[in-house]
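Since the structure comes first, as structure tokens, the remarks are kept for the end.
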Amino acid sequence: MKLKSSYIVVAVLSVIAIAFPAFLGAYPLNVARSIMTYMALAISWDMLLRSGQISFGIAGLFGLGSYASALAVLRGGMDPMLSIVFAAAFAGLMAYALGFAILRLRSMYFSITTLALMEIFRIVMHNLHDFSGGPEGVVLPSVIFNGSSPALYWLCLAGLFLTIGVSWYFEKSKMHLALTAIRNDETSARSSGVNIFNYLLIAFVITSVLQGMMGAIQVQSYGFTTPDTAFDANFTLLPLAMALLGGIHSTIGPMAGAVLLGVASEWLKLKIPYGHLVVYGIIIILVILFMPQGLFGLARKARRERSKAGASHE
Amino acid sequence: MANKRNAAIFAALTVAAVAGILVWRPTVIIYGLQAAGLYASIAIPMGLILGIVHIVNLAHGEFMMVAAYLTYMVCTALGIDPFVAMLPVALVTALVGFIVYKLTIRQALKAPELNQLILTFGLAISLTQLANLLFTSQTRKMSFGYVSASVSVGELSFGVYNFVFVVIAVLMVIGLRLFLTRTTAGKAALAVGQNPRGAAIVGIDVDKTYGLVFALATGMVGMMGAIFITRSSIFPAVGSPFTMKSFCLIAMAGIGNIPGILGASVLLGISENFLKAFRETRGWADIVFFVLIITVILGRSIKGKKA
């Protein structure tokens, strides 16, 4: 019974999300798109985090995806829709190759290496003047779907749905058990027969595919990119803050965090043109200090305590 | 034995390479050393925190940025030289560092490493964005005559002011060595760094030592901020590359090996300036550091596997 009602809620919410363009103008749709992009990145970051590996290189794979897609259209004459698939595959392939080296690293060494890789991608794009346009970046001949904002919205939504779906699958399948085991205790996970490296590689490649795909969708819907926008540190920072606020190790947590922070930052951007991101920094600090499990962690704990209290009454 | 021979071959190769470059492009060595001085003097305080408090402080460069802005304000308001403002600024930054330690980092000492990393990341963002909020992203610069002092040797003419960073870096290493081996507080800090629980058992106040070390390190980086503004323009994001570079240098030297940071900085400074010496490769100079950090980290992990 409970399961069914939650399915109905999900169905209703997705119908509402799909129907948004019917009653929203171009500006709210644009805001919604940026929130959805960040949401997808937050979820994908969290998916890797479930194995205990914290990546600071979201922007790197995101930017790699944008460049792969833009250059495939510009230099290879690829169809824009196809180029999104190509970019996702390219990001995945890169992650697969890199994963062999960097997934052997742990804790802060992994994080710092992902951050450094992102910078390397950015500098390479900065310097390959003839191929990637250098610091000026690339401009596409036309925006996908001729810039029709409902269509762009649905494209982004499709990317988000795919991300949510994969993350949900991660939560429900064997992956969840394997990744949690790796996070909790690698030695005991290995001795119970979990192939740690394989699972990490799968998680890393899949999250990179998703991040690359979102990058490609972003570049196709804006029609241009530069090294500094594609590899903007905000694409690392905002998803991280969103996931932390909402609650890590879940799909719903990053989603809630993205909605809260995304709407708040749009509002703050209008109020404080410079430095509105200070709110993000403070949220990260406060969440880490006072509720490391995020909003949903708090809710879960409260519910558990209530049910415990109820049980003792009976 | 083989190890010794390898080390000797390596040293000989390095000397040969340096001598070769010195004859061919002397400025590479000169500017490389100057850059190395700057890198090292910013990395050493971070190495101190990492070696004793065992926290990767991702807000390290941001403390320098804050100190640089502080110096800018003080110096423009009072019309004094940054070198005069250096000590007061260092004291204020140390105080800020101490408060930040008490309010945030102390609470996360027992938390998993992930939380500490994200916490200092959040600190870094807050500081950068606070500077953005107060000063906007416009760059600020102070100019002084003595910065452009130069020396000519034969046909070669180069700026000498930046050697001040080399002097500071060497002084820092010597000063820290003396502090850690000669003073009671320093010995306590060293003991806490080696084994916090053991130190607590023999009666050292671990928390106080951590606070002291954190304040000392932020004070040092605050002093660097005051000197930094004499040679570079500042903007809110000016500190963040130094956080990364400092971490890379520490990882290269090995955590806890403060003199090793000097050597690592020289390697980084010279190889960066080597690429900057040619027009075609100038844009690639920034990549050296990132390639170096990945090579070092991967190299260490592979070596660790074998051992």
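A few comments on the model shown:
- B:Leu127 being surrounded by 19 or more Cβ atoms within 10 Å (Cβ to Cβ), over 19 Å from B:Val213 (Cβ atoms) and facing chain A (nearest Cβ under 7 Å): no
- Apart from one condition, A:Val263 fits all of (1) touching a residue at least 12 places away in the same chain (Cβ under 8 Å); (2) under 23 Å from B:Gln129 (Cα atoms); (3) surrounded by 16 or more Cβ atoms within 10 Å (Cβ to Cβ); (4) more than 10 Å from every other protein chain (Cβ to nearest Cβ); the exception is (3).
- Taken as a whole, the condition of being out of contact with any strand residue (DSSP E or B) (no Cβ under 7 Å at 6 or more places or on another chain), surrounded by 13 or more Cβ atoms within 10 Å (Cβ to Cβ), within 17 Å of B:Met65 (Cα to Cα) and not aromatic (Phe, Trp, Tyr) does not apply to B:Val166.
- Residues satisfying the stated conditions in the stretch B:96-124, i.e. polar (S, T, N, Q), facing chain A (nearest Cβ under 8 Å) and either within 20 Å of the chain's Cα centre (by Cα) or more than 13 Å from B:Leu58 (Cα to Cα) (or both): B:Thr104, B:Gln107
- Of all residues making up the stretch A:103-147, the number that are more than 7 Å from chain B (Cβ to nearest Cβ), open to solvent by 50 Å² or more (accessible area, probe 1.4 Å) and not aromatic (Phe, Trp, Tyr): 11
- Checked against the criterion of being β-branched (Val, Ile, Thr) and either surrounded by 23 or more Cβ atoms within 10 Å (Cβ to Cβ) or more than 26 Å from B:Met65 (Cα to Cα) (or both), the candidates B:Ile250, B:Ile287 yield just one match: B:Ile250.
- Residue in the stretch A:267-293 that is farthest from the other protein chains (Cβ to nearest Cβ), counting only those that are open to solvent by less than 40 Å² (accessible area, probe 1.4 Å) and modelled with pLDDT under 80: A:His276
- Residues in the stretch A:69-102 that are open to solvent by less than 10 Å² (accessible area, probe 1.4 Å), of a type outside the set (Val, Ile, Thr) and under 16 Å from A:Ile120 (Cα atoms): A:Ala91, A:Ala95, A:Gly99.
- Counted residues, the stretch B:287-299 - those being facing chain A (nearest Cβ under 8 Å) and either over 15 Å from A:His126 (Cβ atoms) or modelled with pLDDT under 80 (or both): 4
- Restricting attention to the stretch A:237-254, the residues being in a helix (DSSP H, G or I) and surrounded by fewer than 24 Cβ atoms within 10 Å (Cβ to Cβ) number 2.
- Pairs where the first residue, in the stretch A:94-113, is closer than 17 Å to B:Gly299 by Cβ and free of Cβ contacts under 8 Å to residues at least 12 places away in the same chain and the second is of a type in the set (Asp, Glu) and assigned to a helix (DSSP H, G or I), C-beta under 8 Å, 6+ apart: A:Met108/B:Glu113
- Contact annotation: residue pairs with Cβ atoms under 8 Å, 6 or more positions apart or on different chains, pairing a residue in the stretch B:120-148 that is under 18 Å from B:Ile234 (Cβ atoms) with a partner that is among the polar types (S, T, N, Q) and part of a helix (DSSP H, G or I), are B:Ala124/B:Ser240; B:Ala124/B:Thr243; B:Thr128/B:Ser240; B:Met142/B:Thr76; B:Met142/B:Thr230; B:Phe144/B:Thr230; B:Val147/B:Thr230.
- Of the helices (runs of 4 or more DSSP H) lying entirely inside the stretch A:123-229, those carrying at least 2 residues that are within 24 Å of the chain's Cα centre (by Cα) are A:149-172, A:174-184, A:196-222.
- Of the residues contained in the stretch B:132-146, one or more are found to be exposed (fewer than 14 other Cβ atoms within 10 Å of the Cβ), in a helix (DSSP H, G or I) and out of contact with any Ser or Thr (no Cβ under 9 Å at 6 or more places or on another chain).
- Filter result for A:Ala151 (free of Cβ contacts under 8 Å to residues at least 60 places away in the same chain and more than 10 Å from chain B (Cβ to nearest Cβ)): yes
- Scope the stretch A:160-208; condition open to solvent by less than 50 Å² (accessible area, probe 1.4 Å) and β-branched (Val, Ile, Thr); matching residues: A:Thr163, A:Ile164, A:Val166, A:Thr180, A:Ile182, A:Val194, A:Ile196, A:Val205, A:Thr207
- Filtered residues of the stretch A:19-47 (kept if of a type in the set (A, V, I, L, M, F, W, C) and open to solvent by 80 Å² or more (accessible area, probe 1.4 Å)): A:Ala22, A:Phe23
- Candidates B:Ile204, B:Ile258 - the one that is without any contact (Cβ under 8 Å) to a residue 60 or more places away in the chain, open to solvent by less than 50 Å² (accessible area, probe 1.4 Å) and over 30 Å from A:Asp228 (Cβ atoms): B:Ile204
- B:Ser271 of a type outside the set (Phe, Trp, Tyr), in a helix (DSSP H, G or I) and either surrounded by fewer than 20 Cβ atoms within 10 Å (Cβ to Cβ) or on the phi > 0 side of the Ramachandran plot (or both): yes
The values are calculated or read from the model by the stated rules, or taken from the named source; none is laboratory data. All of these numbers come straight from a predicted model, not from anything done at the bench. FYI the Cβ positions are ideal-geometry reconstructions off the backbone, even for glycines, and counts take in every protein chain you see. Surface areas here come from the heavy atoms of the whole protein model, side chains and all, with no ligands, DNA or RNA. Shrake-Rupley method; radii C 1.70, N 1.55, O 1.52, S 1.80 Å.
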